[in-house]
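Since the structure comes first, as structure tokens, the remarks are kept for the end.
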């Protein structure tokens, strides 16, 4: 997979942050990603990993196993290590649903739910629990 030219993709409803984030990370259209998942429903990290693997991307996964030392862990989870990253998080302590956003190779974060608003992932989200590192062909 060649590195796509970055373009911001906004989510279209309360549950399609993963669809929009995948579109940003891969360069695929929102419509094609949504079609692969039978619509714009919420997705789990494992579904996203399978989709990206099936599309031919090389991945490295970082996963948080404990909430102990959450603040330090969040900092470590947000250190860029791949060409692109999909970040799975929980915005609040008692959140029932997670959220996903895109982080580039420099560590700049783009939240599909916030157009033109900078994202400070360390302040804006309670817990980062999964980082999917995506590698493109050189």
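Every number in this text was worked out from the coordinates using simple rules, so none of it is lab data. Being a predicted model, the structure only gives us computed values, none of them experimental. Cβ sites come from the backbone with ideal geometry, for glycine too, and all protein chains shown count toward neighbours.
In terms of its C-alpha gyration tensor, segment 95-137 comes out oblate, because a/c is 1.5 or above while a/b does not outweigh b/c. Distance between the C-alpha centres of segment 55-125 and segment 6-39: 16 Å, rounded to the whole angstrom.
One way to sum up the overall shape of the chain is the equivalent ellipsoid from its Cα gyration tensor, whose semi-axes run 21, 17, 14 Å, largest first.
Axis of helix 17-26 versus longest Cα principal axis of the chain: the two differ by about 60°, to the nearest ten degrees. Each of 66, 21 was scored by other Cβ atoms within 10 Å of its Cβ. Arranged with the fewest first, they read 66, 21. Cβ-Cβ distance of residue 61 and residue 15, R₀ of 22 Å, FRET efficiency by 1/(1 + (r/R0)^6): the value works out to about 0.45. Under the criterion of Cα pairs below 8 Å and six or more residues apart, the relative contact order for the chain equals 32 percent. In degrees between 0 and 90, to the nearest 10, how far off the longest principal axis of the chain does helix 45-54 point, with axes built from Cα atoms? Orientation of helix 45-54: about 30 degrees from the principal axis.
Remark: 52, 59 ranked as 59, 52, counting other beta-carbon atoms within 10 Å and listing the fewest first. Going by neighbour counts of Cβ atoms within 10 Å, the residues 19, 53, 26 line up, fewest first, as 53, 26, 19. Helical content alone sets the calculated 222 nm signal of the chain at -7500 deg cm²/dmol, taking -39,500 (n - 2.57) per DSSP H segment of four or more residues and averaging over every residue.
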